[in-house]
Every structure is written in structure tokens, then in C-alpha cells.
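Notes to accompany the following structure.
Rule-based calculations on the coordinates, nothing more; no lab input. Since this is a predicted model, take the numbers as computed values, not measurements. Don't worry about glycine lacking a Cβ; one is built from the backbone with ideal geometry, like all the others, and counts go over all protein chains shown.
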Amino acid sequence: MKLDSSVAAVVTGGASGLGAATARALAAKGVKVAIFDLQKEKGEALAAEICGVFCEVNVTSDESVDAGFAKARAANGQERILVNCAGTGNAVKTASRSKEDGSIKHFPLEAFNWLIQINLVGTFRCIAKSAAGMMTLEPMADGERGAMVNTASVAAEDGQIGQAAYSASKGGVVGMTLPIARDLMSEGIRVNTILPGIFDTPLLAGAPQNVRDALSASVPFPKRLGQPEEYAQLALTMIECGYFNGEDVRLDGAIRMAPR
């Protein structure tokens, strides 16, 4: 897919981190970008910076996502690109024993469901609604109507202690990539997923320097945190390369996560 001002994109979780870097990279190519996020102040500032549009969207709500797509399409036209970066995490053991009194508790199921709803169902919700819109477009010269990039995590394959819910949500994103690509193959819509490793995102920005140094040292090579711009670079490759379809790609400096 050629990226220029004739193409519109939606980036979920686009106000910060991996999503913001991708929004900037797409805009630098001339693409008209809509940012879906709950961080209104950051989202509006970035939209102003890249001449895009901000849509305050909660990916767990049908109504909110529908309103976001309606606003984005009214401003930029029907998107040919969807990049799903909206997500969150938590870390709680499946069951644990208190060191103080020996009491036992299990992972609260409402917290498990909350994470699945955001990371997995929220991603699929945006995919399904964007795909329906892309199917209304005339195909380009090579028969392509659109391209999607999803965000999983290396935790989908080697989750750590306390990451059962997070790994399940991200593993679900990996697991649905190929079936969705097959679902949409006759419509000329490609679907790929990136599995980032340890990236320098707002989640880690507040971590003590010794923690950041230890995380950097754990990466085989290069021994540093991943940069959001590197995620964006791979996302754009997946979008621009027409033969890239149905793939799940780790972007992690060759790291394999230890149990803790």
C-alpha cells in the first residue's frame, strides 16, 4: 500500500507510547490520521501536532467505538489502515498465600475479565467495525482495500509470573490474527500482529533508573529498551508491503522472558 494523503488511518491507543509513534510515522507519510484514546489532553495535543483528529474512545464500548469511527470518517474519509495499540496490563498470581497470616486468595475474576475486554475483545471490536467499513471501499490497483496491525506482546508466548490474564489477552490477539486474515482475504484486507518486548513507553518512564538499567541489560542485543519509533517502523513495513499477511512478529531484541 502506498502511503500518502489519499489514505486515512485510525490508531487506537494513539495518544502515547507505541500508538503515538505510529500516528506520527503515518502522518509523516501524508496519511490522514485519527487517534482513538481516553487520554483527551494528550490525544488532542498530538492530533493538533500531526494535523489529525482526536476521538475520545473506550474500546470496551460498542457505542464509543461506533462514535469514534463516525467522527474519524467524517473528518478523513473511510480508513484503509487500522493500527490497534490500545491496551493495558496487570500482574496478579492465579492463587497466592499470604506471608503474614497464611491466608489464600485467588486472582479476582472481574480483573481477569476487565483485561480480556480491553486487550482482546477491544481489539477485535475495532477490527470488525473497521473491516466492515473497509469493505465499502473500491479496491486499489492490486486488489487491496486495507491493512491492519495489532499489538500483542512477547508475553503471549513467554508470560511471566502474575501475567496469566495479560498473557491470555495477548495470546488471544496472536491466535486470531491468521483466522481474521483468512476471513478478510477475499476482500483484500491484510492483518498482521506485532509482539513487542520491553519498550520505553510511558509505563516505564517513571521506573527508577536501576530498574530501567536491569531491564535493558536483560535484552540480548541491543542491550537497551525498544523505542516506540522502532515499533512504528515495523508497523509501516507491514502496511506498505503487500505480501505481509497473517503474520505474528516478535520485536524484542531476541529476549525470552524468564519466569520473573
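Observations on the structure shown:
- Net charge of Cβ neighbours under 11 Å - reference Arg145; Lys, Arg +1; Asp, Glu -1: -3
- Label zone (Phe221, point 7 Å along Cα-to-C-beta; backbone nitrogen cut-off 19 Å) within the stretch 177-212: 197-198.
- Estimated from helices alone, the mean residue ellipticity of the chain at 222 nm is -12500 deg cm²/dmol (sum of -39500 (n - 2.57) over DSSP H runs with n ≥ 4, per residue).
- Taking other C-beta atoms within 10 Å as the exposure proxy, Leu184, Leu251 rank Leu251, Leu184 from fewest upward.
- Amide H contacts of Cys85: Thr12, Gly13, each under 5 Å away and 5 or more positions distant or on a separate chain (H built 1.01 Å from N in the peptide plane; Pro and chain starts excluded).
- Screening the chain for whole DSSP H helices of 15 Å or more along their axis (Cα) with average Kyte-Doolittle hydropathy at least -1.0 returns 17-28, 62-76, 122-134, 164-183, 228-240.
- Fraction of antiparallel bridges per DSSP, the chain only, in percent to nearest 5: 10
- By the count of other C-beta atoms within 10 Å, a proxy for reagent exposure, Phe69, Phe54 are ordered fewest to most as Phe69, Phe54.
- Excluding same-chain neighbours fewer than eight residues apart, the lysines reachable from Lys29 by a Cα-Cα span under 26 Å are Lys2, Lys40, Lys42, Lys71, Lys129.
- Footprinting exposure proxy ranking of Arg190, Arg125, fewest other C-beta atoms within 10 angstrom first, gives Arg125, Arg190.
- The separation of the stretch 160-196 from the stretch 202-260, counted between C-alpha centres, amounts to 17 Å.
- Charged neighbours of Cys126, selected by a Cβ distance under 13 Å, balance to -2 (K, R count +1; D, E count -1).
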